[in-house]
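What follows is calculated from the coordinates using simple rules that are stated; it is not laboratory data. None of the values given here were measured: they were computed from a predicted structure. Quick reminder, even Gly has a Cβ in these numbers, built from the backbone with ideal geometry, and neighbours come from all protein chains shown.
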Amino acid sequence: MELDRDRAVLAAFAGVSVLGGGNAVGIRFSNRELDPLWGAGLRFALAALVLLAVVAVLRLALPRGRALAGAVLFGALNFGAAFALAYYALVRLHAGFGQIVLALVPLLTLLLAVAWRQERFRLAAVAGALLALAGVAVMSQGPLREDVPALSLLAAVGSALCVAQAGVLVRRLPPVHPVTMNAVGMSAGAALLVLGALAAREPLALPDRGATWLAIAYLAVVGSGVVFVLYLFVLGRWRASRAAYTFVVIPVVTVALSAWLDDEPVGLSLVFGGVLVLAGVYVGALRAAR
């Protein structure tokens with residue numbers, strides 16, 4: 001029974017890692033026609049509708065009281081703030097570059113879990129942070145020479161921080177079914193993103209291009225509905241810093257897809273910087289956890 005449960009968690013972890021690799025590429029395609037906040041809001045609004053339909057079919061109970069407040073806060077962080085920053089960053093950053101920056105999530109999660117007294121402090125985390133930051137600095141050299149604003153890089157790091165904090169937060173909340181938690185969280189996140197789009201005076205127009213619709217369909221159904229339900233399933237059974245290791249695997253898939261679909265240049269700075277980031281995550285999170 002225990003072995004079957006472990007296999008299920010590992011299968012969910014692998015599903016998040018592989019399917020999540022297409023998210024950054026899909027966002028890049030969405031950003032070519034839709035403004036960032038509106039594109040993110042449309043994605044999560046559609047994803048929330050799909051998940052609410054699943055909640056109705058499965059007759060799952062909606063959270064109340066503290067659980068409801070926690071689900072809304074989780075959505076505001078994990079979908080509202082994190083993806084507002086991610087969509088903004090991916091207007092100018094290639095998908096592979098942006099996703100490698102998000103590989104900082106496991107390390108940030110470990111440091112935040114220590115701050116929240118969920119896990120023990122380790123000196124290896126500091127060494128890993130320095131390695132990862134060096135990697136981000138190396139990766140930024142090529143794109144910044146091509147006139148990519150530093151704000152895009154900061155937005156990507158800010159998005160990683162929001163995702164990490166959301167992962168730590170959900171471990172402190174009353175247990176809620178992963179489908180229900182994401183349905184409520186994505187509804188809250190979508191509302192914040194659409195309000196942000198209105199405040200920024202972005203046009204709330206539907207896409208005209210078939211490629212944009214395909215990207216949004218993938219992002220809403222697979223990249224949001226499936227990926228985040230699986231991620232919460234893993235989070236419910238593993239420590240937050242361990243579950244976040246998926247962000248180490250995702251960049252490999254993203255870089256391959258981005259090079260194929262988005263003509264992303266895979267230069268020496270990207271490869272070497274990415275290796276430093278992944279080494280920092282291994283030293284600070286993976287090796288320390290072992």
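Below are the figures for this structure:
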item: Relative contact order computed over region 149-290 (Cα-Cα under 8 Å; 6+ residues apart), in percent; result: 27 percent
item: Neighbourhood net charge (14 Å Cβ-Cβ; Lys/Arg +1, Asp/Glu -1) for VAL16; result: +2
item: Under the span-like rule (Cα at least 24 Å along the axis, Kyte-Doolittle mean at least 1.6), DSSP H helices of the chain; result: 36-58, 150-170
item: Cα-only radius of gyration and Dmax that characterise the chain, units Å; result: 18.0, 55
item: Centroid-to-centroid separation of region 75-128 and region 205-279 [C-alpha atoms, Å]; result: 13 Å
item: Packing rank of 160-167, 17-24, 194-201, where each peptide gets the mean count of other beta carbons within 10 Å, highest leading; result: 160-167, 17-24, 194-201
item: Relative contact order of region 2-289, defined on C-alpha pairs under 8 angstrom at six or more residues apart (%); result: 42 percent
item: Chain lengthening between VAL126 and LEU173 when straightened (0.36 nm per residue, less Cα-Cα); result: 14.2 nm
